[in-house]
Amino acid sequence: MTGAVADRSQNLHHDLQGVATTLRKRIIEFSARTKTPHLASCLSCADILVAYYFAILRIDPDNPSDDGRDRFILSKGHAAPALFQTLAMAGFYPESMLNEVDHHTGGGVFGEHPPAPGHLPGIEAATGSLGHGLPIGVGMALAGRLKHRDYRVDVLVGDGECNEGSIWEAAMLAAAQGLANLTVIVDYNKWQATGRSRDVMALDPLADKWRAFQWDTHEVDGHDFAEMVDILTRPVTGRPRAVIAHTVKGKGVSFMEDDNNWHYRTPNPDELGAAMQELDVGQ
């Protein structure tokens, strides 16, 4: 890597890190205020969302239904609070809409999972029943090819979600059709709801499985913006792309990191204050 390229990569990481810190604060505050769970799952994929929405996707928040837009599907729908905050920060709707939600009135469209398209700009699919997002993405990618459009389709799945047979059926179809406009990125935080992913199902070696399904497969640090942007913006190879993003569940707050209790817990006032203080120090 030349000096100039290295400098640009460092600047990119620094700029996006500030966005990600703000995103984490908003996610944690929202969880504490609304008693919305799956906090650690949101924090593990926060950097992935920032990389996509602030450095990769061709999207126009003022024209979210543009037929030429890139499509992003959050297949691990239980991380919806992270997506809601990301879309607000990216300008799809006012952040004040999220600030008005509390646990007494309920979240409305800002629930535990993404609502159906049409309820919130920027949402491409209602997800939450795991294993559905990638099949939807395959359909969108096929539609793009049939219509001779050059948009990309990216699907964020969880490692636990890779337990689902529908993921692998979709993976086979995408490879058979040569859907080079389709990318799956796996938030590989090594946990799922009830335990370590490797103990629940034999996922390892996960990258080799995607390669065996004839996907152009890469492994990245899911908290390194420059590395993610580099891989995700490389020229297509004639095959669908799989990116295994190694992440830490609860990333950003030391007492939440790699602690699966935060899959369901929400912060009490003391924990909220401690998390905010730690994130402030890290800026």
Limited to region 169-205, what total is found for residues that are in a helix (DSSP H, G or I) and either over 17 Å from I73 (Cα atoms) or of a type in the set (D, E, K, R) (or both)? 10
Over 25 Å from A275 (Cα atoms), of a type in the set (G, A, S), in a loop (DSSP other than H, G, I, E, B) and in contact with a Pro (Cβ under 7 Å, 6 or more places away or on another chain): is that true of G91 in this structure? yes
Name, by its number, the condition in (1) assigned to a helix (DSSP H, G or I); (2) of a type outside the set (D, E, K, R); (3) under 14 Å from R71 (Cβ atoms) that does not hold for A125. (1)
Pairs needed: first member in region 260-283, closer than 15 Å to T34 by Cβ; second member anywhere, surrounded by fewer than 17 Cβ atoms within 10 Å (Cβ to Cβ) and among the basic types (K, R); C-beta distance under 7 Å; at least 6 residues apart or different chains. T266/K35
Find all pairs meeting these conditions: Cβ atoms under 9 angstrom apart; at least six residues apart or on different chains; first residue within region 221-233 and closer than 16 Å to N181 by Cα; second residue crowded, with 20+ Cβ neighbours inside 10 Å and among the acidic types (D, E). L232/D154
Look through region 119-140, keep the residues that are small (G, A, S), out of contact with any helix residue (DSSP H, G or I) (no Cβ under 7 Å at 6 or more places or on another chain) and modelled with pLDDT of 95 or more, and return whichever of them is surrounded by the fewest Cβ atoms within 10 Å (Cβ to Cβ). G139
Could you check region 230-268 and list, in sequence order, the residues that are assigned to a loop (DSSP other than H, G, I, E, B), at pLDDT 95 or above and of a type in the set (S, T, N, Q)? T233, T247, S254, T266, N268
What residue, of T194, T233, is surrounded by fewer than 22 Cβ atoms within 10 Å (Cβ to Cβ) and within 30 Å of N11 (Cα to Cα)? T233
How about region 136-167: which of its residues are assigned to a helix (DSSP H, G or I), in contact with a strand residue (DSSP E or B) (Cβ under 9 Å, 6 or more places away or on another chain) and closer than 24 Å to S44 by Cβ? I136, G137, G160, E161, C162, N163, I167
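The values are calculated or read from the model by the stated rules, or taken from the named source; none is laboratory data. Please read all numbers here as calculations on a predicted model, not as lab measurements. Positions of Cβ are backbone-derived with ideal geometry, glycine not excepted, and every protein chain shown enters the neighbour counts.
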